[in-house]
Amino acid sequence: MKCVLLIVLLSIALCMAAPADNVQIVKLESQVLADGYNYAYETSDGSKQEQQATLKKLGPEEDALQVTGSYTYVGDDGQTYTVTYTANENGFQPQGAHIPHV
């Protein structure tokens with residue numbers, strides 16, 4: 001679980017360190033639990049991200065994180081884009097109006 005916390009904190013730190021025109025963090029929440037974690041942040045430019053994860057038992061000695069979340073950003077074209085996703089033993093599965101369906 002310490003590794004998960006490190007990944008979450010590094011993700012947040014990278015987002016905070018990204019060059020931007022005076023973008024401020026206006027909301028930041030995080031919680032690390034024995035069987036998962038959750039976090040959310042929002043910036044002054046309208047970007048948002050939230051993620052939740054729980055530990056799922058796949059077998060007698062095999063656990064995997066079940067991760068769900070979403071992120072929203074304003075593209076270079078001025079439109080707001082939102083991606084929701086699930087990541088689990090079946091891989092990363094993003095969904096969004098702008099993402100082609102195959």
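Quick grid of which residues meet (1) open to solvent by 80 Å² or more (accessible area, probe 1.4 Å); (2) of a type in the set (Lys, Arg); (3) part of a strand (DSSP E or B); (4) in contact (Cβ under 8 Å) with a residue 24 or more places away in the chain:
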position: ASN38; (1), (2), (3), (4): no, no, yes, no
position: GLU42; (1), (2), (3), (4): no, no, yes, no
position: GLN49; (1), (2), (3), (4): no, no, yes, yes
position: THR54; (1), (2), (3), (4): no, no, yes, no
position: THR72; (1), (2), (3), (4): no, no, yes, yes
position: ASP77; (1), (2), (3), (4): yes, no, no, no
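Looking at region 81-100, is at least one residue touching a Leu at 6+ places or on another chain (Cβ under 8 Å), touching a residue at least 12 places away in the same chain (Cβ under 8 Å) and outside any strand (DSSP E or B)? Within region 81-100, one or more residues are touching a Leu at 6+ places or on another chain (Cβ under 8 Å), touching a residue at least 12 places away in the same chain (Cβ under 8 Å) and outside any strand (DSSP E or B).
Would you check if THR80 is within 12 Å of the chain's Cα centre (by Cα), farther than 15 Å from GLY36 by Cβ and hydroxyl-bearing (Ser, Thr, Tyr)?
no
Scan region 83-102 for residues that are open to solvent by less than 80 Å² (accessible area, probe 1.4 Å) and touching a His at 6+ places or on another chain (Cβ under 9 Å) and report the count.
1
Kindly indicate which of LEU6, LEU58, LEU28 is under 17 Å from the mean Cα position of the chain (by Cα), at pLDDT below 90 and open to solvent by 60 Å² or more (accessible area, probe 1.4 Å). Reasoning before the result, please.
Working: LEU58 fails: under 17 Å from the mean Cα position of the chain (by Cα); LEU28 fails: at pLDDT below 90.
Criteria check complete, one pass: LEU6.
The values are calculated or read from the model by the stated rules, or taken from the named source; none is laboratory data. Predicted model, so just to flag it, every value in this text is computed and none were measured. Heads up, the Cβs are rebuilt from the backbone with ideal geometry, glycines too, and the neighbour counts pull from every protein chain shown. When the accessible area is computed, the model is the full protein with side chains, heavy atoms only, and any ligands, DNA or RNA have been set aside. Shrake-Rupley method; radii C 1.70, N 1.55, O 1.52, S 1.80 Å.
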